[in-house]
Amino acid sequence: MSSEHEPALTVLVQSPKTDSPTPTHVISGAPNGISPAGTSRAELNGIVENGTSVNGIGAGVNGIVISVPPAPAEDPPPYSEEPRRSRRLTRSTVDTDDSDEDQDPTLTSTEATPLLNGRVSRRRRRAASYSTIASFSGVDFRGLVFGIPSTSNSTSGRSQYFAPLSRRAYWRALLHLTVINFPFALAAWVLLFCGVVLGTTLLITLPFGVVFWFLTLFLSRSFARAELHLQSTFHRPLRVAPADPPRPIFYRPRPAEDIERALIEPGTEVDIDPTIETSFLKNSYSMFMDPSSFQPIFYFLVIKASITLVVTPLVLALAPVCLVLVLPAPIMLRIVRRVGAWQANLAIEALS
């Protein structure tokens, strides 16, 4: 039997786990194409005398390649002793402590740092807290409460404090809230309340109920016009401007097509304004169907009455005392001015 058909036997020597198995004998002419390999150190390092394998790669007869990893020639060099730079962006922290004590470099986060993920944070001392500093030295309480800007000059601060005593806007607001507001609100509440009760009760007898409701709606629109005039006069300038022109009380402007028809008709009187509706029935029907006729009723019976019952007694009780003492008078005038402007804006929003 020829040597070409002889089976290839490879004897391996068992070595420790750290060493690679090394073939000890290969029969020449192996059919699997394993090239003959010796046991020399040069072959293990990947160098063969005939130049058929380099770096542990051998070529067989049938193209099968056996790769042997090269052994390290020497130990790796030691690590550099220089500190390594981190490529991550580090967030700078501001030290708010006044002391020069050494701190742990790992605790670079504060309580203001987001997403701490359970890391220990360095807290500011209460003496250096921003809220404490702002509460004692960063907020001007006098300017915040009384509208007085902070100044270092005591003379200018005193003149600004007593400025409301010489301005008409503050005295107008005080005059309205102490003298005019309560009688006007009382008259509107009594008349409208009686008109609503009588008109609703007498609707059983239809003609009487309609008459009382007609008078009630006419009074509500009249009181609304007067309220807007008083509020815009005594508390100007306001945040909300009243309607211009104001809502009509009874007579209403005609639509555009009615004005054209009135101008074309031959029998139209010259003295009558064609833009104003003169029909009593049309104006009455429009007044009953207009939602703005019922809004003043709710305003005077609920909103105006509640504000007047709270504001008027306080102003009547505190204003004389503050004026006699003189020193708290500017504070009182500023408070009256702000309360008056607030209720004036509310009235315009409800009645416009």
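Being of a type in the set (A, V, I, L, M) and surrounded by fewer than 19 Cβ atoms within 10 Å (Cβ to Cβ) is the filter here; which residues of segment 342-352 pass it?
Listed by number, the residues that qualify are 346, 350.
So for segment 186-203 (the condition being more than 19 Å from residue 300 (Cα to Cα), in the same structural domain as residue 298 (by TED's automatic domain parsing) and among the hydrophobic types (A, V, I, L, M, F, W, C)), does at least one residue qualify? Quick ask: steps written out before the conclusion?
In the first step, residues of segment 186-203 are kept if they are more than 19 Å from residue 300 (Cα to Cα); the result is 201-203.
Applying the additional criterion that residues be in the same structural domain as residue 298 (by TED's automatic domain parsing) yields 201-203.
Next cut, among the hydrophobic types (A, V, I, L, M, F, W, C) only: 202-203.
There is at least one residue in segment 186-203 that is more than 19 Å from residue 300 (Cα to Cα), in the same structural domain as residue 298 (by TED's automatic domain parsing) and among the hydrophobic types (A, V, I, L, M, F, W, C).
Is it true that some residue in segment 260-272 is surrounded by 16 or more Cβ atoms within 10 Å (Cβ to Cβ) and either at pLDDT 80 or above or among the acidic types (Asp, Glu) (or both)?
Among the residues of segment 260-272, not one is surrounded by 16 or more Cβ atoms within 10 Å (Cβ to Cβ) and either at pLDDT 80 or above or among the acidic types (Asp, Glu) (or both), which makes the answer no.
Of the conditions (1) more than 47 Å from the chain's Cα centre (by Cα); (2) within 17 Å of residue 231 (Cβ to Cβ), residue 206 clears all except one; give me its number.
Going through (1) more than 47 Å from the chain's Cα centre (by Cα); (2) within 17 Å of residue 231 (Cβ to Cβ) one by one, residue 206 breaks only (2).
Assess whether residue 302 counts as being within 34 Å of the chain's Cα centre (by Cα) and touching a residue at least 60 places away in the same chain (Cβ under 8 Å).
no
Can you tell me which residue among 338, 334 is of a type in the set (D, E, K, R), within 18 Å of residue 230 (Cβ to Cβ) and assigned by TED's automatic domain parsing to the domain that holds residue 242? First the steps, then the outcome.
Details: 334 fails: within 18 Å of residue 230 (Cβ to Cβ).
On inspection, the qualifying residue turns out to be 338.
Checking the structure you have, find out if any residue of segment 222-232 is closer than 30 Å to residue 339 by Cβ, under 38 Å from the mean Cα position of the chain (by Cα), of a type in the set (S, T, N, Q) and surrounded by 14 or more Cβ atoms within 10 Å (Cβ to Cβ).
Checked against the condition, which is being closer than 30 Å to residue 339 by Cβ, under 38 Å from the mean Cα position of the chain (by Cα), of a type in the set (S, T, N, Q) and surrounded by 14 or more Cβ atoms within 10 Å (Cβ to Cβ), segment 222-232 yields at least one hit.
Just a yes or no: is a residue in segment 245-255 at pLDDT 90 or above, in the same structural domain as residue 293 (by TED's automatic domain parsing) and not β-branched (Val, Ile, Thr)?
Scanning segment 245-255, I find no residue that is at pLDDT 90 or above, in the same structural domain as residue 293 (by TED's automatic domain parsing) and not β-branched (Val, Ile, Thr), so the answer is no.
Filter segment 201-244 down to the residues that are β-branched (Val, Ile, Thr) and in a helix (DSSP H, G or I) and list them by number.
201, 204, 210, 211, 216, 233
Could you tell me whether residue 302 is closer than 26 Å to residue 195 by Cα, of a type outside the set (Ser, Thr, Tyr), exposed (fewer than 14 other Cβ atoms within 10 Å of the Cβ) and assigned by TED's automatic domain parsing to the domain that holds residue 178?
yes
Against the definition (in contact with a Leu (Cβ under 9 Å, 6 or more places away or on another chain), farther than 14 Å from residue 223 by Cα and either surrounded by fewer than 18 Cβ atoms within 10 Å (Cβ to Cβ) or of a type outside the set (Ser, Thr, Tyr) (or both)), how does residue 179 come out, yes or no?
In short, no.
If you scan segment 272-323, which residues turn out to be assigned to a helix (DSSP H, G or I), farther than 29 Å from residue 171 by Cα and β-branched (Val, Ile, Thr)?
Matches in segment 272-323: 297 only.
The values are calculated or read from the model by the stated rules, or taken from the named source; none is laboratory data. None of these values were measured; they are calculated from a predicted model. Positions of Cβ are backbone-derived with ideal geometry, glycine not excepted, and every protein chain shown enters the neighbour counts.
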